[in-house]
Amino acid sequence: MSFHPSPPVSLYDLTFDQLLGTLVGDGLRPAHATTLWRALYRELDPAPNLRADFLGPLRRWLQERWEAPYTLTTADITTCISSSDGLTRKLLLRLHDAQEVETVLMGYPGRFTACLSTQAGCAMGCVFCATGQMGFVRHLTPGEIMAQLIAVQRLLRESGDALRNVVLMGMGEPLHNYDAVMQALATACRAPGMALGPSRISVSTVGVVPGIVRFTDERQPYSLAISLHAATDEERSALLPVNQRWPLSELIAACRYYMERSGAKIFFGWTLIAGRNDTPEQARRLSELLRGLNAHVNLIRLNATAGFSGVTTEDVAAAAFQKSIQDAGIPCTIRQFRGIDVAAGCGQLRSERTKPRKVASMVSEEAV
Ligand code: SF4
């Protein structure tokens, strides 16, 4: 009979309570868990097993258990490219099983936003999205989501900058990987680690209604963003297959439920595609759809590339669309293009490495 040792467990995959329970169970004190948590998430230490400054019991615990049974998630940066204006950096990270995911770091005056991936590939199949074209490969673990955040935090630390916002708008549908996403975000917000502010984190979904309801019932403290893009079922289903499963009536009902329970607003994303969803009639329909909701509409200019027939809306038409929404009493913002010259759409960097570029995608944008 052959013996197959279990793969090591990443410390990044443990909640604080799990780490605490493990250490205390092995005879260490609760303070050791706090020390290790700080090393992992505040000091961003890639090798806590080599720390000479830890007290003896923690030092020995790490040395004796490193690699078996514990280790850290590896997410090696295989590619890092910057936009020509230097404001956007795209990282391609290779995970332990050679899956590659993208993480984007967007710079704004005095602040930085990280856009994280939550899955390798995606099951949602949005027609304009390179990740959707890949199909679903697997969910990321909490540790793999955190590893992306740690990678961008290390980059920012080199330049003396600080991360302010996090958006889950990279590869994957966050609410399709709900448990791992929420664990990772709880880790990101926990002191004395990264201690990010929950209100500075935005979870974006194409409309996974059960996930929105659960997000509401659990009173998750993060912002919620919905990728809408169309205001009728026929038009939306043509862009986002998920709409066939959860049509607009169910999605808007879930949004209303969230708003009533949380008192928070929802950010609705609308990618402008010339002649397809940027007409005055569609602006009117969007306003109708959102009537009575505490909504903010983010208009996103399509990053049109080969493989998708849609082209971006001209400035004048985009401004007219925005004005129509605002005239209906709904706050509406046109988001800037970011990182167009580095294939800013989710999945594009990876797809360009692995196959000929053939799919257009949405612009990676700050959602809030
Ligand atoms: S846009 Fe988002 S949800 Fe849709 S296929 Fe791409 S990654 Fe998935």
Handout entry: Scope segment 254-289; condition among the aliphatic types (A, V, I, L, M) and under 14 Å from Phe215 (Cα atoms); matching residues
Key = Ala254, Met259, Ala264, Ile266
Practice task
With respect to Val213, determine if the residue is hydrophobic (A, V, I, L, M, F, W, C), farther than 24 Å from Arg111 by Cα and away from the ligand (no atom under 16 Å from the Cβ).
Solution key: yes
Handout entry: Residue check, His96 out of contact with any strand residue (DSSP E or B) (no Cβ under 8 Å at 6 or more places or on another chain), more than 16 Å from the ligand (Cβ to nearest atom) and modelled with pLDDT under 95
Key = yes
Exercise for the section: Would you be able to say whether some residue in segment 261-268 is within 30 Å of Gly197 (Cβ to Cβ), surrounded by 15 or more Cβ atoms within 10 Å (Cβ to Cβ) and within 16 Å of the ligand (Cβ to nearest atom)? Expected result: yes
Practice task
Tally the residues that are assigned to a helix (DSSP H, G or I) and in contact with a helix residue (DSSP H, G or I) (Cβ under 9 Å, 6 or more places away or on another chain), restricting the search to segment 43-60.
Solution key: 6
Practice task
Might you check whether a residue that is buried (at least 20 other Cβ atoms within 10 Å of the Cβ), out of contact with any Phe, Trp or Tyr (no Cβ under 6 Å at 6 or more places or on another chain), touching a residue at least 24 places away in the same chain (Cβ under 8 Å) and within 24 Å of Thr271 (Cβ to Cβ) occurs anywhere in segment 148-159?
Solution key: yes
Exercise for the section: Sort out which residues of segment 240-293 are part of a loop (DSSP other than H, G, I, E, B), among the polar types (S, T, N, Q) and under 26 Å from the mean Cα position of the chain (by Cα), and write them in order of number. Expected result: Asn277
Exercise for the section: Would you be able to say whether some residue in segment 219-237 is among the aliphatic types (A, V, I, L, M), within 16 Å of the ligand (Cβ to nearest atom), surrounded by 23 or more Cβ atoms within 10 Å (Cβ to Cβ) and part of a helix (DSSP H, G or I)? Expected result: no
Completion exercise
(1) closer than 26 Å to Val203 by Cα; (2) part of a helix (DSSP H, G or I); (3) in contact (Cβ under 8 Å) with a residue 12 or more places away in the chain all hold for Gln326 apart from (3)
Problem - Selected residue (criterion: surrounded by the most Cβ atoms within 10 Å (Cβ to Cβ)) from residues of segment 43-54 that are over 29 Å from the mean Cα position of the chain (by Cα) and without any contact (Cβ under 8 Å) to a residue 12 or more places away in the chain - result: Leu50
Practice task
Output the residue which, of all residues in segment 123-182 that are in a loop (DSSP other than H, G, I, E, B) and closer than 25 Å to Ala47 by Cβ, is farthest from the ligand (Cβ to nearest atom).
Solution key: Gly160
Completion exercise
Subset of segment 99-122, residues away from the ligand (no atom under 16 Å from the Cβ) and in a loop (DSSP other than H, G, I, E, B), comes to Pro109, Gly110
Problem - Which numbered condition Ala253 fails, given (1) under 21 Å from Ile325 (Cβ atoms); (2) among the aliphatic types (A, V, I, L, M); (3) more than 16 Å from the ligand (Cβ to nearest atom) - result: (1)
Handout entry: Cβ pairs under 7 Å, 6+ apart, first in segment 99-127 and under 21 Å from Pro142 (Cβ atoms) and in contact (Cβ under 8 Å) with a residue 12 or more places away in the chain, second away from the ligand (no atom under 16 Å from the Cβ) and basic (Lys, Arg)
Key = Glu100/Arg94; Leu105/Arg89; Thr113/Arg164
Practice task
Pull up segment 106-119, narrow it to residues that are of a type outside the set (D, E, K, R) and surrounded by fewer than 23 Cβ atoms within 10 Å (Cβ to Cβ), then point me to the one that is nearest to Gln153 (Cα to Cα).
Solution key: Phe112
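One line per residue, one yes/no per condition, for (1) at pLDDT below 90; (2) of a type outside the set (A, V, I, L, M, F, W, C); (3) not assigned by TED's automatic domain parsing to the domain that holds Pro109:
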residue: Gln282; (1), (2), (3): no, yes, no
residue: Ser287; (1), (2), (3): no, yes, no
residue: His296; (1), (2), (3): no, yes, no
residue: Asn303; (1), (2), (3): yes, yes, no
residue: Gly310; (1), (2), (3): yes, yes, no
residue: Gln322; (1), (2), (3): no, yes, no
residue: Ile330; (1), (2), (3): no, no, no
Problem - Residue in segment 186-208 that is farthest from the ligand (Cβ to nearest atom), counting only those that are outside any loop (DSSP other than H, G, I, E, B) and buried (at least 20 other Cβ atoms within 10 Å of the Cβ) - result: Thr187
Completion exercise
Restricted to segment 1-42 and to residues being in a loop (DSSP other than H, G, I, E, B) and at pLDDT 95 or above, the residue surrounded by the fewest Cβ atoms within 10 Å (Cβ to Cβ) is Gly27
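The values are calculated or read from the model by the stated rules, or taken from the named source; none is laboratory data. For clarity, every value in this text was computed on a predicted model and none was experimentally measured. Note that each Cβ is placed from the backbone with ideal geometry, even for glycine, and that neighbours are counted across all protein chains shown.
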